[in-house]
Amino acid sequence: MHQGLSIEAKFAGSRNDWREHFATLFAAGGIHPDLSDIANKIATRERLSIEDGLFLFRYPDLNSIGQLADMIKQSRFGDKAFFNHNVHVNQTNICVLACKFCAFRRSPKEKDAYAMSVEDYLAEVGRYADFVDEVHSVGGLHPKWNVEHYEKLFSMCKSKFPSLQIKALTAVEIKHLATQSDLTVEKILSRLHSAGLDSLPGGGAEILDDEIRDVICRGKESSQEYLDIHQTAHKLGIPTNCTMLFGTIENSGHRVKHLLSLRDLQEKSEGFQCFVPYPYLPDSSRLPQAQLASGSEILRVIAVSRIMLDNIPHIKAYRMNIGDGIAELALRYGADDIDGTVQQESIMHLAGSTTPLTHSLDDLSRLIRGAGCIPVQRNTRYTKFTEYDVPEPIHKRLPMAL
């Protein structure tokens, strides 16, 4: 537990007294009467329950749910919406696991399998290092790489590009390195942090229910292991994001329990800076029983996440997964962040994403302004903010049919 700083103060950009702002907005009216009990709980700092979450998922009027989520977002951040200037570099697609929803992984013998050497990785990062401030790196569980490989990778990256923040490795990658290196998770994280790892991206949570995980990602870390690895990172002063993959075989009850598990851990360790929910993209995968989430369902999950996660500051509309149009709408359904420029990305695009990879800072700023928000460029840790000034777009995007 970090002492002396509130969650909001550590991950700045949010009003410390946001509940007071929310109470004022609630008192002024505008919330549907069916949601007034939940709104009153929020205003009075009462924790929402599993039953509240289920009600929000089942309540038929999505716009009212979105209005409540937007009111919370407005209370925390006003009209600000955040983005950063980042690049994704996936160091390998070779993986000892074969999760059913993953279109990215390859076995070592497949012709398009790859594993970047440290030198190749640095060369790839070097193509972008002069104008991005974060490199985001996740990949497969390589059968031969151990902690020494990643210590060299991160330390050389920091030496060559000292201004870059390294956001890398999911919980299962950390677990794999602990097994490969015969070390504890805490020792792995400590060594990688010393070598230059700044934060964890939080991927791999999928659904924190082991019966679901046994179907969609057998062999991955358990639900409790995911939480324990993140708690250990927080203990060491490493901030992390957290995620949820929805639209596979889970139901709304699984989703609510997932959110409450993250909320409970945040209460203990205060290290989650952002929650990233994203829908399953079924193209090229091996999970035929999964359902493709509609635009309405994506917006509902984002809105319910904002309403339930009262102690995780930021909610991301991850445009690499949901697309620019839904991401723009999501900024009025509780989201306050759209990730960054990305530049290149393999995992979501191999799964079926068609989101452009050519967006500039101006493009992201216009997307945010299209939602009626103020674009604010941030750093990885949400400690440095710059309002981004760009001319208003000539053409407004037409409303999207959901």
**Request:** For residues that are of a type outside the set (Phe, Trp, Tyr), crowded, with 16+ Cβ neighbours inside 10 Å and at pLDDT below 95, tally how many sit in the range 24-42.
**Result:** 2
**Message:** Is it the case, given these coordinates, that ASP264 is among the acidic types (Asp, Glu) and on the phi > 0 side of the Ramachandran plot?
**Reply:** no
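Residues checked against (1) polar (S, T, N, Q); (2) modelled with pLDDT of 95 or more; (3) surrounded by fewer than 24 Cβ atoms within 10 Å (Cβ to Cβ):
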site	(1), (2), (3)
GLU267	no, yes, yes
PRO277	no, yes, no
SER294	yes, no, yes
MET308	no, yes, no
**Prompt:** Do the conditions hold for GLY370, that is, is it surrounded by fewer than 24 Cβ atoms within 10 Å (Cβ to Cβ) and modelled with pLDDT of 75 or more?
**Reply:** yes
**Complete:** Output for Cβ contacts, cut-off 7 Å, separation at least six or different chains, first residue without any contact (Cβ under 8 Å) to a residue 24 or more places away in the chain and surrounded by fewer than 20 Cβ atoms within 10 Å (Cβ to Cβ) in the range 192-215, second in a helix (DSSP H, G or I) and of a type outside the set (Asp, Glu), reads ASP210/SER223
**Request:** Please enumerate the residues belonging to the range 361-389 that are in contact with a helix residue (DSSP H, G or I) (Cβ under 6 Å, 6 or more places away or on another chain) and of a type in the set (A, V, I, L, M, F, W, C).
**Result:** LEU367, ALA371
**Prompt:** For the range 61-70, does any single residue satisfy the condition of being among the charged types (D, E, K, R), at pLDDT below 95 and either in a loop (DSSP other than H, G, I, E, B) or touching a Cys at 6+ places or on another chain (Cβ under 9 Å) (or both)?
**Reply:** no
**Fill in**
Of (1) at negative phi; (2) assigned to a loop (DSSP other than H, G, I, E, B); (3) under 18 Å from the mean Cα position of the chain (by Cα), ALA233 fails just (2)
**Asked** Do you know which residues across the range 237-267 are outside any helix (DSSP H, G or I) and in contact with a Gly (Cβ under 9 Å, 6 or more places away or on another chain)?
**Response** GLY237, ILE238, PRO239, THR240, ASN241, CYS242, THR243, LEU245
**Qualifying residue in the range 224-231 (condition: among the hydroxyl-bearing types (Ser, Thr, Tyr), closer than 27 Å to TYR150 by Cβ and surrounded by fewer than 23 Cβ atoms within 10 Å (Cβ to Cβ))** = no
**Prompt:** Given the range 10-60, what helices (runs of 4 or more DSSP H) lie entirely inside it while holding 2 or more residues that are touching an Asp or Glu at 6+ places or on another chain (Cβ under 8 Å)?
**Reply:** 36-43
**Asked** For SER252, which of the numbered conditions (1) under 19 Å from LEU56 (Cα atoms); (2) under 18 Å from the mean Cα position of the chain (by Cα); (3) polar (S, T, N, Q) fails to hold?
**Response** (2)
**Considering residues of the range 83-126 that are of a type in the set (A, V, I, L, M) and in contact with a strand residue (DSSP E or B) (Cβ under 9 Å, 6 or more places away or on another chain) only, the residue surrounded by the fewest Cβ atoms within 10 Å (Cβ to Cβ)** = ALA113
**Request:** Kindly indicate which of ARG76, ARG45, ARG58 is at positive phi and either small (Gly, Ala, Ser) or in contact (Cβ under 8 Å) with a residue 12 or more places away in the chain (or both).
**Result:** ARG45
**Prompt:** Just checking, how many residues over the range 169-191 are surrounded by fewer than 23 Cβ atoms within 10 Å (Cβ to Cβ) and closer than 30 Å to SER252 by Cα?
**Reply:** 1
**Item:** Residue that is farthest from ILE166 (Cα to Cα) [pool: residues in the range 192-207 that are outside any helix (DSSP H, G or I) and in contact with a helix residue (DSSP H, G or I) (Cβ under 7 Å, 6 or more places away or on another chain)]
**Value:** ILE207
**Among (1) of a type in the set (Lys, Arg); (2) surrounded by 14 or more Cβ atoms within 10 Å (Cβ to Cβ); (3) modelled with pLDDT of 55 or more, the one test that LYS384 misses** = (2)
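The values are calculated or read from the model by the stated rules, or taken from the named source; none is laboratory data. Please read all numbers here as calculations on a predicted model, not as lab measurements. For neighbour counting, all protein chains shown are included, and Cβ atoms are generated from backbone atoms with ideal geometry for every residue, glycine included.
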